[in-house]
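Here the structure is laid out as structure tokens; the discussion comes afterwards.
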Amino acid sequence: MQSKAKFLLFLAGSVLLLAALLAWQRHTTAQLRNEIASRRHAADEWRLLNVEHQRLVSSQVKPDDLKKLAADRHAMSALLVELEAMKRRADSTARLATPRPIEKPVQPAMERGPVPASLWKNAGQTTPAAAFETLLWASAGGDLDSLARVLDLDSVTRVEATEVLDRLPSAMRQEIGTPERLVALMTAKDAPMGSAEILSAYEEGGTKDASHAPILTRLNARVVDTEGNAKELLLNLRANTGTWRLVVPDAAIEKYAALLQNPVTPPPPASTGNTPR
């Protein structure tokens, strides 16, 4: 009997020990499962973060794009200032202007001596001198469309001006409209606003068009700003069926492009895009 009791006691202890071991194993297994699940969740979170990081890196603006955006902002700032100045000139001219009949100029007064800006008029484009005075009048009065009609862009300069226009922000391109208006805007910026006179004019080539006007005329003029600073210009004007326009050289387009990229730097003199001498 005593041996049987001991055996039963041993058996009960073994069962209890086995039960304890099984309980500990289940507890340990549950902990391992929880840890594995936690690590899997952390791995998933890391993968998601890595994907988001790669997306953010790929969407960052490149240095070249930042430079282009900065140039666009500079260009917009410069042109907005010029557009506002042109609008103010146009408003001021409209308030001060008095109606008068349009007269066909025969001998522009500028050929006889200096004419102050207050007396400049829309002289038409039937002669080189008249076209020059009309250009000055439109620049001083902020008449961008009239000024654009006096400018002559050949196929090369027009392509270059179009490229400059295309680099501007969309809103600015819509405001300006055409390459001629862009060049007119930058040309008007340097209107002397003091006085102007024509020193001499001579023909080149001697070829005549249908209206018996020379194809090309070189016009030597002197302009004076409001502070009394004088500057001489040598301008090329070209006739097409009796209408004279001022030729805009390639160099002027390059200067305007440089000005738009760096509006802080004062632009070089460019009364009509011709190089002063």
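The values are calculated or read from the model by the stated rules, or taken from the named source; none is laboratory data. Just so you know, these numbers come straight off a predicted model, no measurement behind them. Cβ atoms come from the backbone with ideal geometry, glycine included; neighbour counts cover every protein chain shown. Heavy atoms of the whole protein, side chains included, go into the accessibility calculation; ligands, DNA and RNA do not. Shrake-Rupley method; radii C 1.70, N 1.55, O 1.52, S 1.80 Å.
Scan region 163-186 for residues that are touching a residue at least 24 places away in the same chain (Cβ under 8 Å), over 20 Å from Ala251 (Cα atoms) and not hydrophobic (A, V, I, L, M, F, W, C) and the total you get is 2.
For region 249-269, residues that are modelled with pLDDT of 80 or more and under 20 Å from the mean Cα position of the chain (by Cα) total 6. Annotation: of all residues in region 124-140 being open to solvent by 10 Å² or more (accessible area, probe 1.4 Å) and assigned to a helix (DSSP H, G or I), the one that is nearest to Val247 (Cα to Cα) is Pro128.
Going through Lys121, Lys104 one at a time, which residue ends up being modelled with pLDDT of 90 or more, assigned to a loop (DSSP other than H, G, I, E, B) and open to solvent by 40 Å² or more (accessible area, probe 1.4 Å)? Before the answer, list the steps.
Values: Lys104 fails: modelled with pLDDT of 90 or more.
After applying the criteria, what remains is Lys121.
Give the residue that is nearest to Thr126 (Cα to Cα), with candidates limited to residues of region 230-248 that are open to solvent by 40 Å² or more (accessible area, probe 1.4 Å) and in contact (Cβ under 8 Å) with a residue 12 or more places away in the chain. Working first, answer last.
Taking region 230-248 and keeping what is open to solvent by 40 Å² or more (accessible area, probe 1.4 Å), we get 230-232, 238, 240-241, 243, 245.
Subset that is in contact (Cβ under 8 Å) with a residue 12 or more places away in the chain: 231-232, 238, 240-241, 243, 245.
Details: Lys231: 25, Glu232: 23, Arg238: 11, Asn240: 10, Thr241: 10, Thr243: 5, Arg245: 9 Å.
Ranking the qualifying residues of region 230-248, first place goes to Thr243.
Tell me yes or no: at least one residue of region 1-21 is of a type in the set (Lys, Arg), more than 51 Å from the chain's Cα centre (by Cα) and either open to solvent by 100 Å² or more (accessible area, probe 1.4 Å) or at pLDDT 70 or above (or both).
So the first thing to find is which residues in region 1-21 are of a type in the set (Lys, Arg), and the list is 4, 6.
Now narrow it down to the ones that are more than 51 Å from the chain's Cα centre (by Cα): 4, 6.
Checking which are either open to solvent by 100 Å² or more (accessible area, probe 1.4 Å) or at pLDDT 70 or above (or both) leaves us with 4, 6.
Yes - at least one qualifying residue is present in region 1-21.
Taking region 142-162 on its own, how many of its residues are in contact (Cβ under 8 Å) with a residue 40 or more places away in the chain and either open to solvent by 10 Å² or more (accessible area, probe 1.4 Å) or not in a helix (DSSP H, G or I) (or both)? Number of matching residues: 10.
Would you confirm whether any residue within region 155-169 is under 13 Å from Ala129 (Cα atoms), in contact with a Pro (Cβ under 9 Å, 6 or more places away or on another chain) and either among the aromatic types (Phe, Trp, Tyr) or at pLDDT 90 or above (or both)?
Applying the first criterion (under 13 Å from Ala129 (Cα atoms)) to region 155-169 yields none.
Among the residues of region 155-169, not one is under 13 Å from Ala129 (Cα atoms), in contact with a Pro (Cβ under 9 Å, 6 or more places away or on another chain) and either among the aromatic types (Phe, Trp, Tyr) or at pLDDT 90 or above (or both), which makes the answer no.
Can Ala123 be described as over 16 Å from Val248 (Cβ atoms), without any contact (Cβ under 8 Å) to a residue 60 or more places away in the chain and of a type outside the set (Asp, Glu)?
On the way: over 16 Å from Val248 (Cβ atoms): yes; without any contact (Cβ under 8 Å) to a residue 60 or more places away in the chain: yes; of a type outside the set (Asp, Glu): yes.
Spelling it out, Ala123 is indeed over 16 Å from Val248 (Cβ atoms), without any contact (Cβ under 8 Å) to a residue 60 or more places away in the chain and of a type outside the set (Asp, Glu).
Might you let me know whether region 26-37 holds any residue that is open to solvent by less than 60 Å² (accessible area, probe 1.4 Å), of a type in the set (A, V, I, L, M, F, W, C) and at pLDDT 75 or above? Checked region 26-37: at least one residue is open to solvent by less than 60 Å² (accessible area, probe 1.4 Å), of a type in the set (A, V, I, L, M, F, W, C) and at pLDDT 75 or above. Candidates Ala171, Ala184: the one that is in a helix (DSSP H, G or I), aliphatic (A, V, I, L, M) and open to solvent by 10 Å² or more (accessible area, probe 1.4 Å) is Ala171.
Check Arg173, Arg149, Arg158 and return the single one that is basic (Lys, Arg) and within 30 Å of Pro114 (Cα to Cα). Talk me through it step by step, then tell me what you get.
Details: Arg173 fails: within 30 Å of Pro114 (Cα to Cα); Arg158 fails: within 30 Å of Pro114 (Cα to Cα).
Being basic (Lys, Arg) and within 30 Å of Pro114 (Cα to Cα) holds for just one of Arg173, Arg149, Arg158, which is Arg149.
Lys189 falls short on exactly one of the conditions (1) open to solvent by less than 60 Å² (accessible area, probe 1.4 Å); (2) at pLDDT below 85, and that condition is (1).
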